[in-house]
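**Q** Just passing along the structure, written as structure tokens.
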Amino acid sequence: MQSSACIFDLDGVIVDTARYHFLAWKRLTDQLGIHFTEEDNERLKGVSRMASLEIILEIGNKKVDESQKQEYATLKNNWYIDYISKMTPDEILPGSLAFIKELKNANIRVAIGSASKNTPMILERVGILELFDAVADGNIVRKAKPDPEVFIKAAEMVGIKPGKCVVFEDAVAGVQAALNAGMMCIGVGSSKILKEAHFVVSGLNEMNLKKLMTIKKDIRL
Ligand code: B16
Ligand code: MG
């Protein structure tokens, strides 16, 4: 497993920020008179901020101009930042730290590949910014998942070829991005939703190095 890397999506894999995204979007939709449910929120997972806003406006059947869109996205993000600025290390999802530390001890590179522009703040708040060899996020990529750019960038940053990278993802768009990057993908969540992933676990607490090596042996990219 030397000369290989594991790339982790952030929201929904290492921390559960989906509820904060939901609360912030809900504040906006309440203000705009759009009926927005937790089920609708599922469609926003792994999707960039502006693309999420487009989906919400489509749900509400609202047409607004570009400057208004920017204003709405900023409002939502300010509320979201209020929530995440209060996050603590307790919010790291079970098993994540132990698994990442096991990988590092085995000399496997670990990186973040997230759509979120708030990645540095979240990693810093939960105290794990220093743990990663590289952080590729919404601040440095131009194309959103399912485009592979964020994972390709993460691989480049750790100096490992895409075919030697394993991505951990909770969103359908993220799984597609990993496959588009030519990487092995382990879905984190429901196997009914993450059908395209090579293997699915319900959380990183189900992962360890031995299991990863067994899964890798069975998969030909
Ligand atoms: P921000 P991930 C994604 O993060 C979230 O899943 C998605 O819901 C969010 O809209 C997106 O980041 C952008 O986040 O507004 O903070 O830039 O799952 O790719 O880690
Ligand atoms: Mg995610």
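**Q** Looking at D170, is it farther than 16 Å from A115 by Cβ and open to solvent by 10 Å² or more (accessible area, probe 1.4 Å)?
**A** Spelling it out, it is not the case that D170 is farther than 16 Å from A115 by Cβ and open to solvent by 10 Å² or more (accessible area, probe 1.4 Å).
**Q** Would you mention how many residues in the stretch 73-90 are assigned to a loop (DSSP other than H, G, I, E, B), more than 16 Å from ligand 2 (Cβ to nearest atom) and of a type outside the set (G, A, S)? Full working, then the answer.
**A** Within the stretch 73-90, the first condition is being assigned to a loop (DSSP other than H, G, I, E, B), and the residues that meet it are 85-88.
If we keep only those that are more than 16 Å from ligand 2 (Cβ to nearest atom) as well, we get 85-86, 88.
Narrowing the set further to residues that are of a type outside the set (G, A, S) leaves 86, 88.
So the answer is 2.
**Q** May I pose another question? With the requirement that a residue be free of Cβ contacts under 8 Å to residues at least 24 places away in the same chain and not in a helix (DSSP H, G or I), what does the stretch 48-67 give you? Spell out the reasoning first.
**A** From the stretch 48-67, those free of Cβ contacts under 8 Å to residues at least 24 places away in the same chain are 50, 53-55, 57-58, 61, 63-67; that's our starting set.
If the condition is that a residue be free of Cβ contacts under 8 Å to residues at least 24 places away in the same chain and not in a helix (DSSP H, G or I), then N61, K63, V64, D65 are the ones that fit.
**Q** Here's a follow-up. Of everything in the stretch 141-165 that's of a type in the set (A, V, I, L, M) and within 18 Å of T119 (Cα to Cα), which residue is most open to solvent (accessible area, probe 1.4 Å)? Step through it out loud before you land on a result.
**A** First pass over the stretch 141-165, keeping only residues of a type in the set (A, V, I, L, M): 141, 144, 150, 152, 154-155, 157-158, 160.
Subsequent filtering for residues that are within 18 Å of T119 (Cα to Cα) retains 141, 144, 150, 152, 154-155, 157-158.
Values: V141: 26, A144: 46, V150: 5, I152: 55, A154: 0, A155: 2, M157: 90, V158: 19 Å².
Step by step, filter the stretch 141-165, then rank; the result is M157.
**Q** State the number of residues belonging to the stretch 71-105 that are of a type in the set (A, V, I, L, M) and open to solvent by 30 Å² or more (accessible area, probe 1.4 Å). Reasoning before the result, please.
**A** Narrowing the stretch 71-105 to residues of a type in the set (A, V, I, L, M): 73, 75, 81, 84, 87, 92-93, 97-98, 100, 103.
In the following step, the residues that additionally are open to solvent by 30 Å² or more (accessible area, probe 1.4 Å) were identified as 75, 81, 93, 97-98.
So the answer is 5.
**Q** All but one of (1) in a helix (DSSP H, G or I); (2) touching a residue at least 24 places away in the same chain (Cβ under 8 Å) hold for Q70; state the number of the condition that does not hold.
**A** The one condition Q70 does not meet is (2).
**Q** Quick check on my filter: what residues within the stretch 19-48 are buried (at least 18 other Cβ atoms within 10 Å of the Cβ) and within 30 Å of C165 (Cα to Cα)?
**A** Y20, H21, N41, L44, K45, G46, V47, S48
**Q** Touching a residue at least 12 places away in the same chain (Cβ under 8 Å), hydrophobic (A, V, I, L, M, F, W, C), buried (at least 20 other Cβ atoms within 10 Å of the Cβ) and within 16 Å of ligand 2 (Cβ to nearest atom): is that true of A178 in this structure? Before the answer, list the steps.
**A** Numbers: touching a residue at least 12 places away in the same chain (Cβ under 8 Å): yes; hydrophobic (A, V, I, L, M, F, W, C): yes; buried (at least 20 other Cβ atoms within 10 Å of the Cβ): yes; within 16 Å of ligand 2 (Cβ to nearest atom): yes.
Answer is yes for this residue.
**Q** Okay, next question. Looking only at the stretch 1-47, how many residues end up being outside any helix (DSSP H, G or I), within 11 Å of ligand 1 (Cβ to nearest atom) and among the hydroxyl-bearing types (S, T, Y)?
**A** Matching residues across the stretch 1-47 total 1.
The values are calculated or read from the model by the stated rules, or taken from the named source; none is laboratory data. These numbers were taken from a predicted model, which means no experiment stands behind them. Cβ coordinates were reconstructed from backbone atoms using ideal geometry, including for glycine residues, and neighbour counts include every protein chain displayed. Protein only, heavy atoms only, side chains kept; ligands, DNA and RNA dropped before computing areas. Shrake-Rupley method; radii C 1.70, N 1.55, O 1.52, S 1.80 Å.
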